[in-house]
Every structure is written in C-alpha cells, then in structure tokens.
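The values are calculated or read from the model by the stated rules, or taken from the named source; none is laboratory data. All values reported here derive from a predicted model rather than from experimental measurement. Cβ atoms come from the backbone with ideal geometry, glycine included; neighbour counts cover every protein chain shown. Ligands, DNA and RNA are excluded from the accessible area calculation, which covers all protein heavy atoms including side chains. Shrake-Rupley method; radii C 1.70, N 1.55, O 1.52, S 1.80 Å.
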Amino acid sequence: GQVVYSIAEETERGAPVGNIAKDLGIEAATLAARKFRMLSGSSKQYFTINASTGALSVNEPIDREQLCELKSACLLNYELVLENPLELYRMEFKVLDINDNSPIFPLSEYHIKMPEFLSPGARFTLPNAQDLDEGTNGVQNYTLSSDEHFHLEMQTRGDGSKYPELVLKKALDREQQATHRLVLTAKDGGDPPKSGNASVIVTVLDTNDNAPEFEHSVYRASILENSPSGTLVVQVHATDLDEGPNGEIRYSFSNTTSADLQRMFSVHPHTGEVTVNGVLAVQRPLLELLVEARDNGAFGMSSTAKLLVEITDVNNHGPEITVTSLSSPIPEDAVPGTVIALLSILDKDPGENGKIACQIPDNLPFQLKPSLENYYSLVTSGLLDRELISEYNITITATDLGSPPITTQKTLWVQISDVNDNPPVFSADNLDVFVEENNPLGAFLYQVSASDLDTGENGRVSYMLRNSTVAGSPLASLLSVSVANGSIYAKRAFDFEQLKSFYFQVEAKDNGLPALSAAITVNVYISDQNDNAPAILYPAIQNGSVAVEVVPRLADEDYLVTKVVADDEDNAQNAWLSYHLTYSSDSTLFHLSPHTGELRTTRSMRSTDFLKHKVVVVVQDHGDPPLSSTVTVGILLADTLPQVLPDFDDNGQPPPLLNATNIYLIASLACVSFVFAAFLLFFAVARL
C-alpha cells in the first residue's frame, strides 16, 4: 500500500503528521516485534515513528527551498519495511511552501546619479528583488518611500517580464538637495507578507541630463552552436542626446547578467558588437543577457536592453547505420518482397538536421522500405539468378537534411544460394558416332558431356541410357554408359552386314530436388571392314568340281566363253571386285576382262587346238588386306554337247603345290638317306 501526507515546511520537531499504523491498517503493538524500518534516499531523517502507538511525527524541520530549490512540487519518498511477514509500504510526503523567505535585492544599496535639469517624467530602472518562495509567496509588488520628487511605476518588457522604474515627479534642484535617500521595498503575497528593502541613493548632478537610449528594448539574435570565438552575435546601438563626453557611450553587460554568460560572450565597449567569447557549452536553446549603455559624463547615465540569443543547432552529427539483422545467403528463388536485413538509422541532431533520407543503387534487385520509426527493411524487388550474379555488395547511403548534409554509407555483402532451376544442357541435340565392325567387347565409343549451371548437388550430373530396342534387342545388351562421366562402351561386337546404323538417347540428370534432366540423341554408324571374301555366283560349282563350258570347235575371235559373276557382302571398296586369270592351259587362247569377269577367246579357234582347256579365275576385292575367291572353268571345244563330259583334272592341270605334309615327308627321307650314307662311310673307314 501507499499513503500520502502533506506537511508544511519548517514544521517544528515533534509535530504530529499522522498515525502510520492506523493509516495503513497495521496494529501498532506489532511494529516493534516486526522490526519496522523507515528507508529513504535522503541523508537526513526528517520523520520518526513511535513504535508503541504508530504515531508519525517530525524529527527535523524541513527547509523546502534548501531541499527542492526551485522545483514546483517538493516530494519526499520513504519506504516502511516490516518483517514476519515481510511487507513493504510506500510513504510520500508533500512539503508545502510557507512564506519563510523574504524578498532580497542583489545589493543593499543602489546609487543613481541624476542631473538637476531633468524634466519630470524621467525614468530610471530599478533592480528586481528575488524571493525563494513560490507562487503567491513570491514577490508581488514594490513600494517606494514617500518623496515629493519621485514615485514608483511598474513596467513590462517585450517578453512580458515586469520591473520597477523610478519616475521623476518633480524637477530636481541640486542647490536645495544634492542627495535623495529612498527606500525601495519588495513585498511578497504571503500571510503574513514579508518584505525586503534596498536603499536607493539619488545624487543630483549638475550636468549630463540625457541617458543613452537603445534603439530596441529587446534584441534578438540567432547563432550556430558551433560558432567559433569571435563570431558576431548582434550589434546593439544606443544614442545619447548630450554632446561631448556626456554623449559618448560605453557598452557592457549588466551586473544582473550571470557570470557564465559573461564568460561566453563579450561586448565591444565602443561599437556595441556582441561576439562569442568561448565555447557555447549550454543546453538551453534561448539565452538572456542584459546589455548596459552608459555615457562618459562626469556622472554617467545608463540604460539597459535585453538580448535574447537563440542557439541554433548545426548539422554536426552524421547518420549512424546499424545492421540489426541480416539474412545471407538467400535462395535465388526468393520472391519479391522477401526481407533480407533490418537496419536502424539514427541522427543525433534535432529538427531537420536529424531527418534522414536513405537510398541504395537503382540497378540492384533490392529496395529499402521504411519500417518502424528509424528502422528500414531491405527487401528484394525483383527476381534473383545466382547463375548470373552470385553475390551483391549493397551500399546503403543515408543523408540527413542538414545544410550542408552529412552522408554515411554502409555496405552489406549478400550472397545468393543456389536452387535447382537449371537442367543439364548438352552442346547439341544430337551427335554422330562412327565405329568399325568387329570391335572388341568393352570398346570405347564416345563420351557425352552435359553442363549444369547450378552448383553442388544441383549441378552434379549423372548419365543413363533411355530404354529402347535396336534390331529387336534391348539397348542395354549393346551399350553401357558411365554414370559419372558419360563414356559410352560397346558390350558386343557389331556386324556391318547385319546392322549398319542405329540411334539411342542418353539422359543427363542432376541430383537436385526435384531432379531436372535433358537428353541427347546419338546416331551410331557402323563402318565396314573387309571380313567377307567375294562369293562366286556363276559358274556354279559344287564340292570343288570344275565348271564346264562348251565352245564351238571353230569359234571366232572374242567369242564369249562365259562370264564369272561374283558378289561381296562388304561395302564400298571392300566390295569393289576385280577379275584375274591366274592359270590358263593355253595362255594365247583366252583372256579375261578384269572389270566385267567376261572370259573371251583371244583368237579364232583352229583345228589343231586341244579339245580340252582349263582356266583358273581369281575374284579379288579392294579391301586392306584384300580377300579373294577362285573358280576353275573347264572349256570343251565341241560343236555339240557330249553326253558325258570329259575329266578335266588330268589335262592341263597345273603341277600340284607342295603342301606342308609333302615337305615333311621329303625332309624326313632326305635325313634318313643322309644318315645311312654317313653310316656306310663310317663303316668303310673302319674296315680300312
């Protein structure tokens, strides 16, 4: 709980304030047992509690002006602590002002010099009195002791403040009275009222009957807070109608101007220029000084003017950029409006100097948006593509609205993380691969390669064959592909005569989620090898027999005996055939066309020619190495076809070639004969 008491200051010691036990609902008899304590931040204990009755009384009189100085409300806070159980109560004491301070003038005596020729109505400023009490207990009015020459009037300055003026009511005569002693009394509004006096001594002068007069009663000026020493604030100007020394004016600060302000500013005694004299180390935006103008007469006359100096803030603080949070890296598929960073941007200057304009470069896919007060959000304003730009250096420029403005920059490094938004890409949609037939198993055919602009697993590519069939067989039985590098290998030998070409597709797939893929079509062309000898189609023979052709007995020259027809399953030059006559029983009788395979007579037949002839024709391709086949043709010179064809094996048959078995037999016979001869020679020598 909390209880509030009001007590007038200067209340005598022991005066009752209240009963804390009754006011807080606590049994007074328990206070001592519960070890009550009064706690306060004040160094003095102004109140005390009777442990038996709970009565709260004054322990020491309170001087409100000493305790709270010029505060309008004077409060004392205490805390009452009780134990068993532990309880805490707050007590607040409002110290009420009483009229315990009299008005006081800064000086006890003031001297005013007045020339005797002043006309009634002349005015002289009198000092203000000060009263430490507040409100109605402060200074309320001024009175002047009775004098036939003077009376008192209150005047108001341009800012509303009032001050007393001594007004000449009747002309002075120095010869009758050279000095007038007056008493200026300041009274407050207390009950009973208090007053303070100051002596005003008026000396009547015989000369200099005009006081300086300022052009303005109040001067106003504005200067920058960082103005260096010597900066002109304002130039005050006063005039004096007197001539000579009585009209020469010297300027100075009035005694009522505080010493601190007199150290900060200086006034030129002759020109009235008020300048900065030091550092303007003040927190108040408006300063008040009193400038006095006094002439150089024998008894100088003076007047005062108020100078109000407004301290203008200058833009001496730059914006401060603080990164409260930053998200980096961000995925490249972040939608526009995604918040990347939260920034706090402050300027310590007040007013326009503290207002800030922020911006980032226009060519970036980002935007700076105001959030809470002094906070900004950095958001995406467009689509991101890591493959084009993988990172950004975003320079944030903060400029205040001061003159000249101050600019602060801060750079944020934002990285863009990859997402799987790019499929693998082949350099072409299809490619041609050439492979020779009869290739070995596992032969390398080609290596396909696809690139993926993504990184990491999103950019790691694996390869596979798409399911298809080739000539009725599964593609996997013919080929295999390396998953890691795309190398294609043959799983069996190709035969050009059975399969000349085929195509298939290789698929490249990345490891992203979800995975993206692309395919390339591979056209395989099988190159021919010379692996087939020419096949004799005509004349047809069986089991190595001799083909027989019948030619008229007296056939003419260039008579077509027969035409050898052959075919080669190979391709191109491997299938280009040429015909050669390797044996003829009569070389002058027949010739063979190498290109057409036509066997013709070289000359006309004669009656003396043998009836049976035999030729051997070789058909050869143009492969490397070439392959060939032979056919034996028996030629019978007869006008009619005999019923029984003769045997062509014994007539004109070329000598048999030595085969390996014959060579072994001959070599063995020679060795045996040599050994036998050597034995006989050895036996003969032994007999001798």
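With respect to the conditions (1) of a type in the set (A, V, I, L, M, F, W, C); (2) under 30 Å from Gln140 (Cα atoms); (3) not in a strand (DSSP E or B), Ala21 falls short on a single one, namely (2). Yes or no: the range 631-645 includes at least one residue that is at pLDDT below 90, touching a strand residue (DSSP E or B) at 6+ places or on another chain (Cβ under 7 Å), assigned to a strand (DSSP E or B) and among the small types (Gly, Ala, Ser). Within the range 631-645 (the criterion being at pLDDT below 90, touching a strand residue (DSSP E or B) at 6+ places or on another chain (Cβ under 7 Å), assigned to a strand (DSSP E or B) and among the small types (Gly, Ala, Ser)), the answer is yes, since at least one residue qualifies.
Restricting attention to the range 216-247, which residues are under 19 Å from Pro269 (Cβ atoms) and of a type in the set (S, T, N, Q)? Those that are under 19 Å from Pro269 (Cβ atoms) and of a type in the set (S, T, N, Q): Ser229, Thr231, Gln235, Thr239, Asn246.
For the range 177-202, a tally of residues being small (Gly, Ala, Ser) and in contact with a Pro (Cβ under 9 Å, 6 or more places away or on another chain) returns 4. Residues that are part of a helix (DSSP H, G or I) and in contact with a strand residue (DSSP E or B) (Cβ under 8 Å, 6 or more places away or on another chain) were ranked within the range 468-485; the one that is least open to solvent (accessible area, probe 1.4 Å) is Leu475. The set of residues in the range 342-359 that are of a type in the set (D, E, K, R) and in a loop (DSSP other than H, G, I, E, B) comprises Asp347, Lys348, Asp349, Lys355.
Okay, residues lined up against (1) of a type in the set (Gly, Ala, Ser); (2) touching a residue at least 40 places away in the same chain (Cβ under 8 Å):
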residue: Arg263; (1), (2): no, no
residue: Val314; (1), (2): no, yes
residue: Leu326; (1), (2): no, yes
residue: Gly351; (1), (2): yes, no
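In this structure, Pro423 does not satisfy being of a type outside the set (A, V, I, L, M), surrounded by fewer than 18 Cβ atoms within 10 Å (Cβ to Cβ) and assigned to a loop (DSSP other than H, G, I, E, B).
If you filter the range 342-372 down to residues that are within 30 Å of Leu280 (Cα to Cα) and either of a type in the set (A, V, I, L, M) or under 14 Å from the mean Cα position of the chain (by Cα) (or both), you find that the one that is most open to solvent (accessible area, probe 1.4 Å) is Leu346.
Residue-wise test of (1) touching a strand residue (DSSP E or B) at 6+ places or on another chain (Cβ under 6 Å); (2) in the same structural domain as Pro361 (by the TED database); (3) open to solvent by 70 Å² or more (accessible area, probe 1.4 Å); (4) part of a loop (DSSP other than H, G, I, E, B).
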site: Pro404; (1), (2), (3), (4): no, yes, yes, yes
site: Val419; (1), (2), (3), (4): yes, no, no, yes
site: Asp432; (1), (2), (3), (4): yes, no, yes, no
site: Asn438; (1), (2), (3), (4): no, no, yes, yes
site: Tyr446; (1), (2), (3), (4): yes, no, yes, no
site: Tyr489; (1), (2), (3), (4): yes, no, yes, no
site: Phe494; (1), (2), (3), (4): yes, no, no, yes
site: Tyr503; (1), (2), (3), (4): yes, no, yes, no
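State whether one or more residues within the range 177-185 are among the basic types (Lys, Arg) and either under 60 Å from the mean Cα position of the chain (by Cα) or surrounded by 13 or more Cβ atoms within 10 Å (Cβ to Cβ) (or both). Checking the range 177-185: not a single residue is among the basic types (Lys, Arg) and either under 60 Å from the mean Cα position of the chain (by Cα) or surrounded by 13 or more Cβ atoms within 10 Å (Cβ to Cβ) (or both). Selection of the range 1-10 for residues being modelled with pLDDT under 85 and either open to solvent by less than 80 Å² (accessible area, probe 1.4 Å) or assigned to a loop (DSSP other than H, G, I, E, B) (or both) yields Gly1, Ala8, Glu9, Glu10.
Which of the residues that make up the range 193-223 are of a type in the set (S, T, N, Q) and more than 60 Å from the chain's Cα centre (by Cα)? If the condition is that a residue be of a type in the set (S, T, N, Q) and more than 60 Å from the chain's Cα centre (by Cα), then Ser195, Asn197, Ser199, Thr203, Thr207, Asn208, Asn210, Ser217 are the ones that fit. The single residue among Leu76, Leu80, Leu24 that is touching a strand residue (DSSP E or B) at 6+ places or on another chain (Cβ under 7 Å) and without any contact (Cβ under 8 Å) to a residue 40 or more places away in the chain turns out to be Leu76. Taken together, Phe679, Phe648 contain a single residue that is within 21 Å of Ile536 (Cβ to Cβ) and either outside the structural domain of Val564 (by the TED database) or modelled with pLDDT of 80 or more (or both), which is Phe648. Looking only at residues of the range 224-255 that are of a type outside the set (A, V, I, L, M, F, W, C) and under 60 Å from the mean Cα position of the chain (by Cα), we find that the one that is least open to solvent (accessible area, probe 1.4 Å) is Ser227. Kindly indicate the residue of the range 324-341 that is open to solvent by 50 Å² or more (accessible area, probe 1.4 Å) and assigned to a strand (DSSP E or B) and also nearest to Glu215 (Cα to Cα) among those meeting that condition. Going through the qualifying residues, I end up with Thr324. Take Val522 and decide whether it is in contact with a Phe, Trp or Tyr (Cβ under 9 Å, 6 or more places away or on another chain) and over 22 Å from Gln620 (Cα atoms). Taking the combined requirement at face value, the residue satisfies it.
Here's a check for you: in the range 280-315, which residue that is of a type in the set (Lys, Arg) and under 21 Å from Glu225 (Cα atoms) is modelled with the highest pLDDT? Only one residue tops the list, namely Lys306. Filtered by the rule that a residue be modelled with pLDDT of 85 or more, over 17 Å from Asn77 (Cβ atoms) and of a type in the set (A, V, I, L, M), the range 33-59 gives a lone residue, Ala55.
The range 519-595 holds strands (runs of 3 or more DSSP E) entirely within its bounds, and those carrying 2 or more residues that are touching a residue at least 24 places away in the same chain (Cβ under 8 Å) and open to solvent by 40 Å² or more (accessible area, probe 1.4 Å) map to 535-538, 547-551, 560-563, 565-567, 577-584. Take the range 166-217 and flag every residue that is of a type outside the set (A, V, I, L, M, F, W, C) and not in a loop (DSSP other than H, G, I, E, B). Of everything in the range 166-217, those that are of a type outside the set (A, V, I, L, M, F, W, C) and not in a loop (DSSP other than H, G, I, E, B) turn out to be Thr179, His180, Arg181, Thr185, Lys187, Asp188, Ser195, Gly196, Asn197, Ser199, Thr203, Glu213.
If you filter the range 34-48 down to residues that are touching a residue at least 24 places away in the same chain (Cβ under 8 Å) and among the polar types (S, T, N, Q), you find that the one that is surrounded by the most Cβ atoms within 10 Å (Cβ to Cβ) is Ser40. Can you find a residue that is in contact with a helix residue (DSSP H, G or I) (Cβ under 7 Å, 6 or more places away or on another chain), surrounded by 12 or more Cβ atoms within 10 Å (Cβ to Cβ), closer than 25 Å to Glu134 by Cα and not assigned by the TED database to the domain that holds Gln130 anywhere in the range 71-79? There is at least one residue in the range 71-79 that is in contact with a helix residue (DSSP H, G or I) (Cβ under 7 Å, 6 or more places away or on another chain), surrounded by 12 or more Cβ atoms within 10 Å (Cβ to Cβ), closer than 25 Å to Glu134 by Cα and not assigned by the TED database to the domain that holds Gln130.
Note on the range 177-188: residues that are without any contact (Cβ under 8 Å) to a residue 60 or more places away in the chain and small (Gly, Ala, Ser) amount to 1. Residues in the range 612-645 that are of a type in the set (A, V, I, L, M) and open to solvent by less than 10 Å² (accessible area, probe 1.4 Å): Val615, Val617, Val619, Val631, Val633, Ile635, Leu637.
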